[in-house]
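To start, the structure itself, in structure tokens.
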Amino acid sequence: MKYMKIMDENKRAFMAVILIQTIYAGMFLLSKAAFDGGMNNYIFVFYRQAIATVFLSPIAFFFQWKDAPPLTFFTFCKIFMLSLFGIAICLNLYGIALVYTSATLAAATTNCLPVITFFVALLLRMEVLRMKSIAGIAKLAGIILCIGGVGMLAFYKGPQFNLFNNHHLFSIHHHSSNSLALPKSWLKGCFLMLSANTLWGIWIVLQAFVLKSYPSKLLLTNLQCLLSSFQSFGIAIAMERDPQQWKLGWNIRLLSVAYCGIVVTAVTYCLQAWVIEKKGPVYLAMSTPFALIITTFFSAVFLGESITLGSTLGGMLLVGGLYFVLWGKSKEQKISEGLKEGSKECNMQGNEISKLGNETPTSSVENV
């Protein structure tokens, strides 16, 4: 009976991570379709964050308002800066990069996010790289593979595989074609995508510090969405003054911002929290390549994007780097857990010996 429960939980966790990565793949595809359809990426980010704020606010206030921790001015300033760089600027850089490149590249570069996060944590001395251990060498190899994968995506395209290009769903294919035809634009997009992922990784690491002073995760997420909405509006109004660009209508623009604002922000937040609780963060990170596979296939079918040899090899290097870093991290966790258990056993044995030592003189006196 216990075995059946474990199997059922494993199936549910597997289905959950597949759904999470499918949602992210949908985000890449719909965002790219909206940008190729002429939507301004700055306005897209504002609408996305505004819709997420409207959706999350009543949920956050209903569930956690009574237990909300005190918000000091210094903590508010930290959350403001975290929202500015980790969400507003990061998403705007991601949007510009997606205009220049493709949905497949966006999905591929997310595989280097855990590696970037580890590297940032290493610089902040939150992580340790032990070069004399197998785990340390594996993590270093993962970083090198990720760098090689990004270089491959940026500088090498190779032959194109146009299996589905004549059957794409949307009639907005010209933008993605131009991104392949202009090497400078593609290189600029790769650099911006890497910059966005770097800011995302820094945001993940710095959230650990903010959560110490403001531990309510749901209220913190809602507050960041609210602040990033105002910040994104300031950026959007400075970059785009045409009122026609701000109109949504019943089209791909409204669908993409609603999907990214509600489904990506709310649904994946709950699913990721559940998966991390049941299976741990490593299990969730291991599922990241599924988004690349799903996005590559459907971007070719629906958007008519060409699959190049360079993007395939670069994606494989990024996935390999991801698994090397995760394997090294899990190996170190197992070793540290074993050392902790060993120290606990030694302490227990030491306590037992001290008790026996204390009992021996008493028994000898009684015998006398």
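Table for the structure above
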| read-out | value |
| --- | --- |
| Heavy-atom SASA rank of 22, 110 (probe 1.4 Å, accessible area, largest first) | 22, 110 |
| Probe 1.4 Å, accessible area per residue of the stretch 1-124, Å² | 46 |
| Accessible area (Å², 1.4 Å probe, nearest 10) - residue 242 | 60 |
| Span from the the stretch 111-165 Cα centroid across to the the stretch 298-326 one, whole angstrom | 13 |
| Inter-label distance for residue 77 and residue 333, nm, one decimal - labels placed 7 Å from Cα along Cα-to-Cβ | 3.5 |
| Accessible carbon and sulfur surface of the stretch 39-102 relative to its total accessible area, %, 1.4 Å | 78 |
| With every protein chain in place, the stretch 176-320: carbon and sulfur % of accessible area (1.4 Å) | 75 |
| Accessible surface, 1.4 Å probe, highest first, among residues 186, 200, 246, 65 | 65, 200, 246, 186 |
| Members of 279/334; 32/78; 279/329; 132/212 lying beyond 23 Å, as alpha-carbon distances in this model show | 32/78; 132/212 |
| Nearest-0.05 FRET efficiency for residue 66 and residue 204, computed from C-beta distance (R0 41 Å) | 0.90 |
| Where the stretch 256-321 is the region considered: accessible area per residue in Å², 1.4 Å probe | 38 |
| Nitroxide proxy distance, nm - points 7 Å out along Cα→Cβ at residue 59 and residue 124 | 2.5 |
| Residue 221 accessible area, 1.4 Å probe, all protein chains in place, Å² to nearest 10 | 30 |
| Order of exposure, largest accessible area first, which applies to 332, 305 with probe 1.4 Å | 332, 305 |
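The values are calculated or read from the model by the stated rules, or taken from the named source; none is laboratory data. Since this is a predicted model, take the numbers as computed values, not measurements. Glycine gets a Cβ as well: all are built from the backbone with ideal geometry, and neighbour counts include every protein chain shown. Protein only, heavy atoms only, side chains kept; ligands, DNA and RNA dropped before computing areas. Shrake-Rupley method; radii C 1.70, N 1.55, O 1.52, S 1.80 Å.
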